[in-house]
1. Which order do the peptides A:89-96, A:54-61 take when ranked by the mean count of other beta-carbon atoms within 10 Å per residue, highest first?
2. Just to be sure I follow: if Rg is taken over the C-alpha atoms of region A:6-115 and Rh is the Kirkwood radius over the same atoms, what is Rg/Rh?
3. Label point 7 Å out from residue A:96 along Cα-to-Cβ: which residues of region A:18-52 have amide N under 19 Å?
4. Give me the net charge for the shell around residue B:41: Cβ to Cβ below 11 angstrom, other residues only, Lys and Arg +1, Asp and Glu -1.
5. Over the Cα atoms of chain B, what is the Rg over Rh ratio if Rh follows Kirkwood?
6. Step by step: find N for the protein assembly as shown, compute 2.2 N^0.38 Å, then divide the Cα radius of gyration by it. What's the final number?
7. Quick check on packing: order A:13-19, A:26-32, B:102-108 by the mean number of other C-beta atoms within 10 Å, highest mean leading.
8. How much FRET efficiency would the formula 1/(1 + (r/R0)^6) give for residue B:10 and residue B:60, where r is the Cβ-Cβ distance and R0 is 25 Å, rounded to 0.05?
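The values are calculated or read from the model by the stated rules, or taken from the named source; none is laboratory data. Not measured: the values here are computed from a predicted model. When we count neighbours, we look across all protein chains shown, and the Cβ atoms used for this are built from the backbone with ideal geometry, even at glycine. Keep in mind that these areas ignore ligands, DNA and RNA; they rest on the heavy atoms of the full protein, side chains included. Shrake-Rupley method; radii C 1.70, N 1.55, O 1.52, S 1.80 Å.
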Amino acid sequence: NAGVTQTPKFRVLKTGQSMTLLCAQDMNHEYMYWYRQDPGMGLRLIHYSVGEGTTAKGEVPDGYNVSRLKKQNFLLGLESAAPSQTSVYFCASSYSWAGEADTQYFGPGTRLTVL
Amino acid sequence: SQKIEQNSEALNIQEGKTATLTCNYTNYSPAYLQWYRQDPGRGPVFLLLIRENEKEKRKERLKVTFDTTLKQSLFHITASQPADSATYLCALDGTGSYQLTFGKGTKLSVIP
């Protein structure tokens, strides 16, 4: 039982390049989330999904797209990376909606630098 | 405007004492409030959830209180140990639509 895994762990991009971050969970959770964490800003929700085939915008969705084609995977895409997207990205999942879930699981994070 | 404030960026405490961390919120009406622990270079780890109709919740050396009148949650670690040193985050379901909003965290250092 690996929990929540994220790929890659580190990445450096040039401005304008694109990339996809992969999140996978093996706990059969319905709900999945993408956050970014910046110094002095705390964790902020980018996008989330309440089930396979669904996605919704969070607090800071601009510049990102997501897909949930399979229940266990949640992909975060950057179409044209900007230096402002330099951050640590965390994926999380939960069995039920995070506010009432007894346990929400976070992945180890992806550290992204955009030059 | 809506705000979540955690009492201080950093808190130092002597080993064996009780650490008390504060989470205050403004212009939210949360039904749930959660506390997480985050170690450097790692993702947050869920610790406790407390509901609006619960005044207090305990788990081993941890205790959380939730006062919806004061709009405040207190997080206590009794008999603190150096291994408790970490950043602690509070989060609440303030905006609806399945979104959790996090505070910026308090970095706790327990000094031997």
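1. A:89-96, A:54-61
2. Looking at region A:6-115, the ratio lands at 0.95.
3. Only A:27-33, A:49-52 fall inside the zone, counting backbone N under 19 Å.
4. That works out to +2.
5. We get a ratio of 0.96 for chain B.
6. 1.01
7. Output ranking for A:13-19, A:26-32, B:102-108: B:102-108, A:26-32, A:13-19.
8. According to the calculation, E is roughly 0.55.
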